[in-house]
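Comments concern the structure below.
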Amino acid sequence: MKEALISLSHVSVGYQGHEALKDVSLSVYEKDFIGIIGPNGGGKTSLLKLILGLVSPSQGSISYRVAKRDIGYLPQGRQIDQKFPISVEDVVASGLQKGLSVRGKPTNSEKQEINKVLEMSGMLRMRKRAIGMLSGGELQRTLLARAIVSSPRVLILDEPNTHVDNQFEMELYRILRELNQHMTILLVSHDIGIISPYIKSIACVNRTLHYHPGNEISEAQLKVYNCPIEIITHGTVPHRVMKSHTH
C-alpha cells in the first residue's frame with residue numbers, strides 16, 4: 001500500500017475567531033493532480049497555507065513524506081515588487097532550492113536548469129529583461145518558472161491563470177500535464193470546466209472538504225459537496241465556475 005506524501009487528518013484552522021476550515025482530511029500521493037475548487041472565502045487558500053506550513057492547525061494533524069523545501073509554490077497575485085531592479089533570469093534563479101553558488105552567480109548546471117524552465121514558460125528570449133518591463137502575463141510566466149526551477153516533488157498553484165491570456169492559459173495546462181509525469185500537483189481554480197481535462201481528482205473546499213476521485217463531476221454532486229456552480233460564457237466558450245466567482 002502506497003503512503004501519502006502529505007496527509008491532513010481532521011484538521012481545522014481559524015483566524016481571529018473565524019473558522020476557515022473544519023475537520024478537513026486529505027491524502028496527497030505521488031503524481032496526483034488534484035483540482036481544488038470552491039467559492040471565494042471557502043478556505044482554498046487556507047488549505048494551501050496549511051500544507052505549506054504557513055499556518056498551524058487549531059485541531060488535527062499534518063504529516064509529510066516530502067521535505068517542505070521540495071514543495072514549489074506559485075501564489076495567487078504577483079507577490080513581487082516590479083520596481084525592484086532585477087531581471088527575469090534573477091527572479092527564476094531565486095527559486096533554486098539551495099540558493100545560488102557561493103560566488104552569488106548561477107553555476108553552469110544551474111544556468112541550464114534556469115534556461116530550461118524559461119524556455120518551457122516561453123520567457124527564454126526575455127531572460128535579461130527587467131521585471132518592471134513585463135506585462136502581467138509575462139510576470140506570471142516568470143513566477144511559474146521560479147516555482148519549478150528546483151524540480152520540486154510537489155507543485156502548488158493558487159489560480160495560476162491570473163493575468164495571463166487565453167493562449168498561455170492553455171499552454172500552462174499543457175506544461176502542468178507534462179510536469180505531472182514526475183511531479184505531484186495541487187491546482188486551485190474557479191473554473192472546473194477548463195481544468196477538468198488535465199486533473200485526476202477534485203477537492204471541493206467550502207469550509208469543509210469533499211474529495212472526489214476522477215476529473216469529471218456533475219452539478220448534482222457539486223451541490224451535495226456544497227460547491228454549487230453556474231455556467232457563464234466568454235464569447236462562445238462556456239465555463240463552469242463557482243457561483244461567487246466574478247470574471
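State which entries of LYS2/LYS116; LYS31/LYS200; LYS2/LYS44; LYS49/LYS105; LYS31/LYS223; LYS22/LYS44 exceed 21 angstrom in Cα-Cα distance in the structure shown.
Values: LYS2/LYS116 32 Å; LYS31/LYS200 9 Å; LYS2/LYS44 26 Å; LYS49/LYS105 31 Å; LYS31/LYS223 28 Å; LYS22/LYS44 12 Å.
Beyond 21 Å: LYS2/LYS116; LYS2/LYS44; LYS49/LYS105; LYS31/LYS223.
Once the Cα gyration tensor of region 93-226 is found, what semi-axes does its equivalent ellipsoid get, as square roots of 5 times the eigenvalues, in whole Å, sorted largest first? Intermediate values should be presented prior to the final figure.
Values: eigenvalues 208, 54, 30 Å².
Its equivalent ellipsoid spans semi-axes of 32, 16, 12 Å.
Give me D for the chain in µm² s⁻¹, whole number, from Stokes-Einstein with Rh from the Kirkwood sum over alpha-carbon pairs, 25 °C and 0.890 mPa s. Spell out each step's value before the answer.
On the way: Rh = 18.9 Å.
Approximately 130 µm²/s, per Stokes-Einstein.
Report, to the nearest 10°, how far helix 108-120 tilts away from the longest principal axis of the Cα atoms in the chain, using its own Cα long axis and a range of 0 to 90°.
Tilt of helix 108-120: around 50 degrees.
With axes computed from alpha carbons, what is the tilt in degrees of helix 166-179 against the longest principal axis of the chain, rounded to the nearest 10 within 0 to 90?
90
For LYS68, which aspartates and glutamates qualify as cross-link partners when the Cα separation must be under 16 Å and same-chain residues fewer than eight apart are set aside?
Partners within reach: GLU30.
Bear in mind that the values in this text are calculations on the coordinates, not laboratory data. Not measured: the values here are computed from a predicted model.
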